[in-house]
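The structure appears below as structure tokens.
The values are calculated or read from the model by the stated rules, or taken from the named source; none is laboratory data. Note that the structure is predicted; figures quoted are calculated from it, not measured. In this analysis, Cβ positions are derived from the backbone assuming ideal geometry, glycine residues included, and neighbour counts consider all displayed protein chains. Side chains are part of the model used for accessible areas, which takes the heavy atoms of the whole protein and leaves out ligands, DNA and RNA. Shrake-Rupley method; radii C 1.70, N 1.55, O 1.52, S 1.80 Å.
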Amino acid sequence: MKNMTLEQQVSVLLVEDEESFVDALVVGLSKEGYKVTVARDGSEALTLFESAKPDLVLLDVMLPRVSGIDVCKKIRKYSDVPIIMVTAKSEEIDTIIGLEVGADDYVTKPFKLRELLARIRALLRRSSNRTDTYNNAVGSLGNAPVYDSTAGILEVNNVKLDPLQHQVTVSGRKVQLPLKEFELLEILMSNSGRVLTREILIDRVWGSDYVGDTKTLDVHIKRLRSKVEKNASKPVLITTIRGVGYRFEKTGSPGQIKTH
Ligand code: CA
């Protein structure tokens with residue numbers, strides 16, 4: 001996660017090919033103080049992502065050359081930058097959620113600028129909170145609470161999650177998790193051995209005012225499993241409790257030979 005201070009302008013990479021949207025969003029986002037870089041097709045988006053190093057990506061689904069979905073997948077291979085997908089048709093939402101794309105949120109065209117700004121702020125707040133907490137932990141005392149640098153590290157079975165560094169390792173191997181997946185894993189691991197209902201998980205990760213597809217949770221669980229489980233189709237760490245919710249298992253690490 002990038003370190004964002006007050007002096008630095010938050011930069012947004014806007015990937016959009018429709019001029020009317022580009023114009024409106026550049027004006028709207030700049031007014032809010034964001035630095036906007038515009039890419040007009042998918043391959044330009046990938047190039048500009050490298051050079052502009054944005055704090056957030058606003059990504060249209062229907063793009064010339066490389067589709068927004070492929071751009072998102074490619075970025076996700078090496079970055080957990082917050083990504084908001086923009087769709088023209090509500091049918092595309094199924095695609096965004098259904099495929100393992102890795103976006104953090106989405107808006108449907110036409111949308112109100114105010115709604116978009118609220119989502120951008122929510123995502124940035126979550127990602128910068130993490131950074132702030134980390135800075136407080138390593139920085140000077142000031143008025144900030146002091147954190148033990150090892151505080152909050154969760155280690156269950158072969159999975160280790162460090163909330164301050166926003167880092168997850170599985171059997172010592174680093175895995176990249178987008179914000180929502182990270183938060184989901186964090187709440188599951190900090191309640192390991194206990195069943196968490198779907199409602200609790202959605203409430204804690206997406207907020208109590210979340211109005212969206214209930215499939216979102218399952219899709220995120222599926223993505224998480226593909227990253228932490230040895231065999232995602234036969235999960236032993238994140239198990240499904242049918243009709244109730246999910247549980248992160250406390251014992252019985254996969255592939256570990258019990259010596260006693
Ligand atoms: Ca488009």
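Computed values, structure above
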| quantity | calculated |
| --- | --- |
| Selection status of Ala24, open to solvent by 30 Å² or more (accessible area, probe 1.4 Å), touching a Lys or Arg at 6+ places or on another chain (Cβ under 7 Å) and either modelled with pLDDT under 90 or within 16 Å of the ligand (Cβ to nearest atom) (or both) | no |
| Any chance Asp80 is in contact with a Phe, Trp or Tyr (Cβ under 8 Å, 6 or more places away or on another chain) and part of a loop (DSSP other than H, G, I, E, B) | yes |
| Of the criteria (1) open to solvent by 80 Å² or more (accessible area, probe 1.4 Å); (2) over 15 Å from Ser67 (Cα atoms), which one Thr47 fails | (2) |
| Search result, residues across region 34-44 that are open to solvent by less than 30 Å² (accessible area, probe 1.4 Å) and of a type outside the set (Ser, Thr, Tyr) | Ala39, Asp41, Gly42 |
| Condition met for Ile200 (of a type in the set (A, V, I, L, M), modelled with pLDDT of 80 or more and open to solvent by 60 Å² or more (accessible area, probe 1.4 Å)) | yes |
| Filter result for the condition that a residue is surrounded by 15 or more Cβ atoms within 10 Å (Cβ to Cβ) and not charged (D, E, K, R), over Val228, Val195 | Val228 |
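Condition check ((1) open to solvent by 70 Å² or more (accessible area, probe 1.4 Å); (2) of a type outside the set (Ser, Thr, Tyr); (3) within 16 Å of the ligand (Cβ to nearest atom); (4) at pLDDT below 95) across all residues:
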| residue | (1), (2), (3), (4) |
| --- | --- |
| Met4 | no, yes, no, yes |
| Leu13 | no, yes, yes, no |
| Ser20 | yes, no, yes, yes |
| Val57 | no, yes, yes, no |
| Val66 | no, yes, yes, yes |
| Lys73 | yes, yes, no, yes |
| Pro82 | no, yes, no, yes |
| Glu92 | no, yes, yes, yes |
